[in-house]
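So the structure is just underneath, and the comments pick up after that.
The values are calculated or read from the model by the stated rules, or taken from the named source; none is laboratory data. All values reported here derive from a predicted model rather than from experimental measurement. Here the Cβ positions follow ideal geometry from the backbone for every residue, glycine too, while neighbour counts run over all protein chains shown. Heavy atoms of the whole protein, side chains included, go into the accessibility calculation; ligands, DNA and RNA do not. Shrake-Rupley method; radii C 1.70, N 1.55, O 1.52, S 1.80 Å.
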Amino acid sequence: MKTILQINSSLFGEQGQSSKMANDFVDQLQANSDATQLIRRDLQAKPLPHLDGNRFKAFTTPAAERDAAQQAVVAESDALINELRDADIIVLGMPLYNLGVPSTFKAYIDHVARAGETFRYTATGPEGLLEGKKVYIFAARGGKYEGTAMDTQSAYLRHVLGLMGIQDVEFIYAEGLNMGGDVADKALAAAQDLIRQKAA
């Protein structure tokens, strides 16, 4: 049985275009397979705290020396990391906010990109510990950025997932959603065609 981990990060929750695309893809993926298990996280509905000095100290304090509050912080992070470890397919609903990822998703990354857990430092640089996973990123954008210098989000996602050993990353873009005319309709229709192909 394959496990799908879906993470939506739109400020508009289930009504966000990135969430709708990710949801459609997962629904079709499940319909085309009788052997999938789904874990779903909505970072708008249940946001994680942003990383601060106290939370980071909890990660770096030896387990035997952590107080109760630190143990709770690490337990929450460990649970998120275990979801990643267990996932065969990772689906991200990813809007573009101010040329970057939503802050709720950055908070998520700060809880799962942990040295010694999802990557480790070696003499030749960091080595990812979460290999053999497939990632689909459903990227919704108000303007058109793909392939331009302003698309820092795509590069960041490839790099930060790669840090953890996740190299098989595929983007499905829907761009120009705020540009008026029929631009949005065409972009969403093209994305839906790709969703059907990828979920088949």
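Please work out the ratio of the alpha-carbon Rg of the range 86-200 to 2.2 N^0.38 Å and round it to two decimals.
Numbers: Rg = 15.6 Å, N = 115, 2.2 N^0.38 = 13.4 Å.
In units of the globular-protein estimate, the range 86-200 measures up at 1.17.
Structure remark: mean-square fluctuation, Gaussian network model of the chain, C-alpha springs under 10 Å; the largest value among M94, M21, M179 belongs to M179. Comparing G176, A63, G100 along the charge dipole axis of the range 62-200, the residue lying farthest to the positive side is G176, per the Cβ-charge model.
Taking all protein chains together and rolling a 1.4 Å probe, D24 ends up with roughly 60 Å² accessible. Result for the chain in a Gaussian network model with C-alpha springs under 10 Å: among A140, A22, A72, the largest mean-square fluctuation is at A72.
With distances taken between every two different alpha-carbon atoms, the chain has a Kirkwood hydrodynamic radius of 17.8 Å. Here the sum of -39500 (n - 2.57) over DSSP H runs of 4 or more residues, divided by the residues of the chain, equals -13000 deg cm²/dmol at 222 nm, to the nearest 500.
What you get for the range 117-200, charging only the Cβ of Lys and Arg (+1) and of Asp and Glu (-1), is a dipole of about 80 debye around the Cα centre.
Cross-link pairs exceeding 19 Å in C-alpha to C-alpha distance, out of K46/K134; K2/K133; K46/K144; K20/K133, comprise K46/K134; K46/K144; K20/K133. What you get for the range 34-134, charging only the Cβ of Lys and Arg (+1) and of Asp and Glu (-1), is a dipole of about 220 debye around the Cα centre.
Treating the beta-carbon of each Lys and Arg as +1 and of each Asp and Glu as -1, no other charges, what is the dipole magnitude of the chain about its Cα centre, to the nearest 20 debye? It would help to have the intermediate numbers written out before the result.
Values: 20 positive and 25 negative charges, 36 e Å.
So the dipole magnitude of the chain works out to roughly 180 debye.
Solvent-accessible area assigned to carbon and sulfur over the range 15-103 amounts to 48 percent, based on a 1.4 Å probe. The equivalent ellipsoid that matches the C-alpha gyration tensor of the range 154-200 spans semi-axes of 27, 15, 4 angstrom, in descending order. When all protein chains stay in place and ligands, DNA and RNA are ignored, the 1.4 Å accessible-area order of K144, K198, largest first, is K144, K198. For the chain, complete DSSP H runs whose alpha carbons reach 20 Å or more along their own long axis and whose mean Kyte-Doolittle score is -0.5 or higher are 68-86, 183-199. Largest first, the residues F138, F171, F56 sort by 1.4 Å accessible area into F56, F171, F138.
At the residue level, D34 shows approximately 150 square angstrom of accessible surface with a 1.4 angstrom probe and all protein chains present.
Where the convex hull is taken over the Cα atoms of the range 63-143, what is its projected area averaged over directions, in nm²?
Values: hull surface 29.9 nm².
About 7.5 nm², averaged over all directions.
Accessible surface for E76 stands near 70 Å², nearest 10, in the context of the full protein assembly shown (1.4 Å probe).
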